[in-house]
1. Could you derive backbone 3J(HN,Hα) for segment 137-150 from the dihedral phi with the Karplus parameters 6.51, -1.76 and 1.60 (θ = phi - 60°), listing whole Hz in sequence and x where the residue is Gly or Pro?
2. To the nearest 0.05, how large is the calculated FRET efficiency for residue 56 and residue 99 if R₀ is 30 Å and r is the Cβ-Cβ distance?
3. Percent of Cα-Cα pairs more than 24 Å apart in segment 37-140, please.
4. Taking H placed 1.01 Å from N in the peptide plane, check which residues at least 5 places from residue 145 or on another chain put their amide H under 5 Å from its amide H.
5. Could you tell me what a quarter of the Cα convex hull surface of segment 144-222 works out to, in nm² with one decimal place?
6. Could you sort 66-79, 85-98, 174-187, 115-128 so that the peptide with the highest average Cβ count within 10 Å comes first and the rest follow in order?
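The numbers here are math on the coordinates, done by the rules we state, and not lab data. Worth saying up front: this structure is predicted, and the values here are computed from it rather than measured. Quick reminder, even Gly has a Cβ in these numbers, built from the backbone with ideal geometry, and neighbours come from all protein chains shown.
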Amino acid sequence: MSSEIIKDTIEASLEFSKQQIVNFVKKFRDRKLAFIEDEKTIELAKEQYESGESKFYHRYIHDKKLLFLVGMGLTLRKVEENAEKRQNLRSKLFNKYKVEGLHVAEFVQNGILNRYNSILLELVDSIEDLEKQIENVLKNIEKYSLFVQGRDRIGEIIRRTINITDSHSPTIFVISGEGSCAKLLGDNVKKIEDSLKRYSLEKISTSNREILFFKLSSILNN
């Protein structure tokens, strides 16, 4: 057999192997998305794997489960205007990944992670430190954030906020609310701020969302 034929055979074999890997990855991804049970939402989720935001986080997050939940957060953002699809995906995420997994997805959906990272960039000394901080926040989401629910009252929100920040002293602590919860937070920002003397406040307000970022003052003053 000539060297040219051998070369062609090897190249063809390598190309076939690459395609097998690509097909395997696609099938594996499809199986992971099967729990959604809605074809249009599944297709949207697949598209998020190729989005610029998703590729950005693939550079800094190495935990496969967290990356998947990031993709689910981007998908939630895509279906925000469709109440039925949004609620369906939220319910499926809660059933499969519990409240922590849903909160990671919501952390991404609401744009909280993007702003959180912007603040972190002002504080970290290296890419390695940034990667460590991002994964730590997402793996321990309940120590770094509070998602206000419709049944919550301001007294309970403040109590839980104090308990979490006193117990864990997060560098950045986030409180987020949507709809009526956004109004509840907006109407009581001063009360919440007064309860967190060690923190300075940055807030993002939209017509349907209130997000409060509390930054530990001792860190910012260093």
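1. Along segment 137-150, the couplings run 4, 5, 6, 10, 4, 6, 8, 10, 8, 9, 9, 6, 9, x Hz.
2. 0.70
3. 21
4. Answer set, sorted by chain and number: 174.
5. 4.6
6. Details: 66-79: 22.6, 85-98: 16.1, 174-187: 18.4, 115-128: 12.9.
Descending packing order for the listed peptides: 66-79, 174-187, 85-98, 115-128.
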